[in-house]
Amino acid sequence: MADMTTADVRVRANAARKFLEVAQMVAEEDETSYRLVCASLAVLSGIAASDAICGHVLKQRSRGQDHHQAVDLLRTVRSAGPAVKSLSTLLDLKDAAQYGTDGLPADKTAHALRAAEAVVGHMEVILRT
């Protein structure tokens, strides 16, 4: 775990928003390499949003090699609800998106984008509290 300050939360929240924004722009391209970039950015967006949520509520974030520990930590945030499932979805796609060479089908890329939008949307709600 790593402690987080209010400033850290702000940085991770802004990163989540920007990763998502660029992922949405890249999603408009229908080419294998663009789909990988879109899904990779969606994963990064979800991770950053989860960090911001946990930092805001718990004052800490996951910091291990196993990114699925972030899901476990997010699950401890009472109001995280659907963000937990969406983050898990993104992490399940992480290896294929960031290290794969076979590409991702358009439907999986779209699914990753929707999952990132869900985590970031939930982050926005939680950060307002």
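The values are calculated or read from the model by the stated rules, or taken from the named source; none is laboratory data. This structure is a prediction, so every number in the text was calculated from the model and none was measured. We place every Cβ from the backbone using ideal geometry, glycine too, and count neighbours over all the protein chains shown.
Give me a count of the residues in region 14-37 that are part of a helix (DSSP H, G or I) and not hydrophobic (A, V, I, L, M, F, W, C). Spell out the reasoning first.
Let us first name the residues in region 14-37 that are part of a helix (DSSP H, G or I), namely 14-26, 32-37.
Narrowing further to those that are not hydrophobic (A, V, I, L, M, F, W, C): 14, 17-18, 21, 24, 32-35.
Counting residues in region 14-37 that are part of a helix (DSSP H, G or I) and not hydrophobic (A, V, I, L, M, F, W, C) gives 9.
Scanning region 67-120 for residues that are among the acidic types (Asp, Glu) and either over 15 Å from ILE47 (Cβ atoms) or assigned to a loop (DSSP other than H, G, I, E, B) (or both) turns up ASP102, ASP107.
In this structure, is VAL43 outside any loop (DSSP other than H, G, I, E, B), modelled with pLDDT under 95, in contact with a helix residue (DSSP H, G or I) (Cβ under 8 Å, 6 or more places away or on another chain) and within 19 Å of ALA118 (Cβ to Cβ)? Taking the combined requirement at face value, the residue does not satisfy it. When LEU58 is tested against (1) crowded, with 21+ Cβ neighbours inside 10 Å; (2) at pLDDT 95 or above, just one condition goes unmet, and that condition is (1). LEU87 meets the stated requirement of being crowded, with 17+ Cβ neighbours inside 10 Å and either more than 25 Å from THR5 (Cα to Cα) or at pLDDT 90 or above (or both).
Would you confirm whether or not region 5-15 contains a residue that is surrounded by 18 or more Cβ atoms within 10 Å (Cβ to Cβ) and under 13 Å from the mean Cα position of the chain (by Cα)?
Within region 5-15, the first condition is being surrounded by 18 or more Cβ atoms within 10 Å (Cβ to Cβ), and the residues that meet it are 8-9, 12-13.
Cutting the leftovers down to under 13 Å from the mean Cα position of the chain (by Cα) gives us 12-13.
Yes, because at least one residue in region 5-15 is surrounded by 18 or more Cβ atoms within 10 Å (Cβ to Cβ) and under 13 Å from the mean Cα position of the chain (by Cα).
Output the residues belonging to region 44-72 that are over 17 Å from VAL11 (Cα atoms) and touching a Lys or Arg at 6+ places or on another chain (Cβ under 7 Å). Steps first, please.
Taking region 44-72 first, the residues over 17 Å from VAL11 (Cα atoms) are 64-72.
Matches in region 44-72: HIS67 only.
Entry remark, region 1-40: residues being in contact with a Gly (Cβ under 8 Å, 6 or more places away or on another chain), at pLDDT 95 or above and of a type outside the set (Val, Ile, Thr) number 4 in total.
Restricting region 61-84 to residues that are touching a Cys at 6+ places or on another chain (Cβ under 9 Å) and not small (Gly, Ala, Ser), which is surrounded by the most Cβ atoms within 10 Å (Cβ to Cβ)? Let's see the steps before the verdict.
Here is the first cut: in region 61-84, the ones touching a Cys at 6+ places or on another chain (Cβ under 9 Å) are 61-62, 70, 73-74, 76-77, 80.
Checking the rest, the ones that are also not small (Gly, Ala, Ser) come to 61, 73-74, 76-77.
On the way: ARG61: 24, LEU73: 22, LEU74: 27, THR76: 11, VAL77: 18.
Checked region 61-84; the qualifying residue surrounded by the most Cβ atoms within 10 Å (Cβ to Cβ) is LEU74.
Only residues that are hydrophobic (A, V, I, L, M, F, W, C) and surrounded by fewer than 23 Cβ atoms within 10 Å (Cβ to Cβ) were counted in region 21-46, giving 7.
Contact annotation: residue pairs with Cβ atoms under 7 Å, 6 or more positions apart or on different chains, pairing a residue in region 67-82 that is free of Cβ contacts under 8 Å to residues at least 60 places away in the same chain and more than 11 Å from CYS54 (Cα to Cα) with a partner that is buried (at least 18 other Cβ atoms within 10 Å of the Cβ) and of a type in the set (Ser, Thr, Tyr), are GLN69/SER62. Pairing each residue of region 98-111 that is farther than 14 Å from ALA23 by Cβ with any residue that is among the β-branched types (Val, Ile, Thr), provided the two are 6+ apart or on different chains, yields C-beta distances under 7 Å for GLY103/THR32. Restricting region 90-125 to residues that are among the β-branched types (Val, Ile, Thr) and more than 13 Å from SER50 (Cβ to Cβ), the residue that is surrounded by the fewest Cβ atoms within 10 Å (Cβ to Cβ) is THR101.
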